[in-house]
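Structure first, then comments.
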Amino acid sequence: MTSVKTGTSVTDRLKQGGAPAKPTNGHAQRASGLYATVIQQFNKAADLMKLDSNIRRILSTSTNEIIVHFPVRMDNGSIEVFTGYRVQHNNARGPFKGGLRYHPSVEIDEVRALAAWMTWKTAISDLPYGGAKGGIAFDPKGYSQAEIERITRRFVYALGDNVGPEYDIPAPDVNTNSQIMAWFLDTYLSTVAPHERQRCTHVVTGKPIVSGGSVGRDKATGQGAAYIIEEWAKDHHLPLSRATFTVQGFGNVGSWAARLLAAHESKLVAVEDHTGAIANSNGFDVEDLADYVRSNGGVRGYARGESIDHEGFLRTKTDIFIPAAMENQITGETAGLLDCKLVAEGANGPTDPEGDEILQKRGIHVIPDILCNSGGVIVSYFEWLQNKRSEFWDLDEVDGKLKKKIVGSYRRVRDTAKKHHTDWRTAAYIVALQALETVYKERGIFP
Ligand code: NAD
């Protein structure tokens, strides 16, 4: 059974003299759903690299699992009770770090999986962080901006000292953005003593620039994916100016990846989001499509493309497919439909283990999520550093440092795959697990 704790309120925290609550450990976690995927991927790499069995036990369990239920007043005066989650998987290498998602599918198993992926991702990128993830189980599309603001603020208050600038640092994810991070920051700062506030702006990343955000954070995940695809294309002698690509999800990650690949003159030939799918074999004008999606909420109805169904979208012939929406899209049922050379995972967990096996058999290369979408957390780290040092870096500096870091990760994963004669997902896990194993071996286990 999974143990969970109820997060302390800020009032509780102040009563306790500001000490963080002692969270309950999540022992004997059931591996079902998405977390079962993580464990399967983890075991494959752990077996191959012969990971120490004690460290294996530690890393297959999250450190803390926080569930909070909190009431919020709606615009019509009624009260709704929401459920929020924060899973802190591991902080052996540094503070917990990971996004917040607002979606009806948010539940403990999903958040647990997403938190573990953050631990591997920060280790592959060699960032001084651990992994966490959180969210609230609701669909923000059914709520006003004022309601979303109150829901966000109450969530932050309910989390209390379970987050903090040197302890656990959230960021945007599905259906959350810089505005939500600004409300997060403001609420958190209101709960710390006035003279401490200036030292706490790095409690959250992905903030608007004037509230302490970093230039380049908005596009960072898409930019990182684009840098990775550039490297892969060079290694595989695929000129990007003649390449085609398809994107599932045209939100933050998908739309930026599309815009940045279009800048190489690659052609976006099909795109799908929650409203539908469209195709254009001559290639979409990505900037025009992005304007349309901003005004209309989705790709459906865009006049310069032909409407296609989900299967038609998956079957579209393309060089590169970028899943950048939700998890479990490439499965035993759908992997056989893809007609591409490369799957570059912008989303977290878009391919399940059965899907992975089919892609491998079919010779379709996969650049795994924990490498391909790591640009977001890398630039979040840059934002965190800028806040701590009271610095503002320009876009050239941010992009240059991102490119250097993510290309370094790409090469480490590529070379590890060669060395162990394995797929890139397993190689990425090996890179992460080796870094974590070293830390545990050096420090030992208390007491
Ligand atoms: P977003 O909310 O900005 O966009 C999500 C997109 O997915 C939207 O276009 C939506 O229409 C589409 N979508 C939702 N359900 C769909 C469905 N069933 N079929 C097709 N499309 C669907 O979210 P985002 O921040 O772009 O995140 C997308 C993915 O990338 C998630 O898996 C997230 O965890 C991952 N990710 C995001 C970041 C980041 O910095 N935002 C970083 C790393 C990984």
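The values are calculated or read from the model by the stated rules, or taken from the named source; none is laboratory data. It should be emphasised that the depicted structure is a prediction, and the values quoted were computed from it without experimental measurement. Please note: Cβ atoms are built from the backbone with ideal geometry, for glycine as well, and neighbour counts cover all protein chains shown.
Miscellaneous remarks
- Which listed residue, of GLU65, GLU110, is under 16 Å from VAL38 (Cβ atoms) and within 16 Å of the ligand (Cβ to nearest atom): GLU110
- Any hit, region 298-316, residues being farther than 21 Å from GLY375 by Cα, in a strand (DSSP E or B) and within 16 Å of the ligand (Cβ to nearest atom): yes
- Residues (of a type in the set (Asp, Glu) and surrounded by 15 or more Cβ atoms within 10 Å (Cβ to Cβ)) located in region 372-415: GLU383, GLU397, ASP399
- So GLU231, is it within 14 Å of the ligand (Cβ to nearest atom) and among the charged types (D, E, K, R): no
- Figure legend. Inter-residue proximity from region 337-349: first residues farther than 18 Å from TYR429 by Cα and in contact (Cβ under 8 Å) with a residue 12 or more places away in the chain, second residues among the acidic types (Asp, Glu) and assigned to a loop (DSSP other than H, G, I, E, B), beta-carbon distance below 7 Å, spacing 6+ or different chains. Indicated pairs: CYS340/ASP319; LYS341/ASP319; LEU342/ASP319.
- Checked against the criterion of being of a type in the set (S, T, N, Q), touching an Asp or Glu at 6+ places or on another chain (Cβ under 8 Å) and closer than 20 Å to VAL379 by Cβ, the candidates GLN223, GLN248 yield just one match: GLN223.
- Scanning region 255-285 for residues that are within 14 Å of the ligand (Cβ to nearest atom) and either touching a Pro at 6+ places or on another chain (Cβ under 8 Å) or farther than 24 Å from THR334 by Cβ (or both) gives TRP256, ARG259, LEU260.
- Scan of region 204-227 for residues that are assigned to a helix (DSSP H, G or I) and surrounded by fewer than 24 Cβ atoms within 10 Å (Cβ to Cβ), ordered by number: ILE209, VAL210, SER211, TYR227
- Extreme residue, nearest to the ligand (Cβ to nearest atom), among residues of region 317-332 that are outside any strand (DSSP E or B) and without any contact (Cβ under 8 Å) to a residue 60 or more places away in the chain: THR331
- Residue list for region 357-383, restricted to those being away from the ligand (no atom under 14 Å from the Cβ) and either of a type in the set (D, E, K, R) or part of a helix (DSSP H, G or I) (or both): GLU357, ILE358, LEU359, GLN360, LYS361, ARG362
- The residue of region 293-315 that is farthest from GLY283 (Cα to Cα), among those that are exposed (fewer than 14 other Cβ atoms within 10 Å of the Cβ) and hydroxyl-bearing (Ser, Thr, Tyr), is SER295.
Every residue, every condition in (1) farther than 27 Å from TYR157 by Cα; (2) aromatic (Phe, Trp, Tyr); (3) modelled with pLDDT of 95 or more, yes or no:
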{"position": "ASP47", "(1), (2), (3)": "yes, no, yes"}
{"position": "SER62", "(1), (2), (3)": "no, no, yes"}
{"position": "GLU65", "(1), (2), (3)": "no, no, yes"}
{"position": "PHE70", "(1), (2), (3)": "no, yes, yes"}
{"position": "VAL81", "(1), (2), (3)": "no, no, yes"}
{"position": "ARG86", "(1), (2), (3)": "no, no, yes"}
{"position": "ASN91", "(1), (2), (3)": "no, no, yes"}
{"position": "GLY94", "(1), (2), (3)": "no, no, yes"}
{"position": "ILE108", "(1), (2), (3)": "no, no, yes"}
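- Region 83-192 holds helices (runs of 4 or more DSSP H) entirely within its bounds, and those carrying 3 or more residues that are without any contact (Cβ under 8 Å) to a residue 40 or more places away in the chain map to 145-159, 178-190.
- Condition broken by PHE250, with the remaining ones in (1) of a type in the set (A, V, I, L, M, F, W, C); (2) within 16 Å of the ligand (Cβ to nearest atom); (3) assigned to a helix (DSSP H, G or I); (4) touching a strand residue (DSSP E or B) at 6+ places or on another chain (Cβ under 9 Å) satisfied: (3)
- Candidate set from region 333-356 (those that are in a helix (DSSP H, G or I) and touching a Gly at 6+ places or on another chain (Cβ under 8 Å)); member that is nearest to ILE406 (Cα to Cα): GLY355
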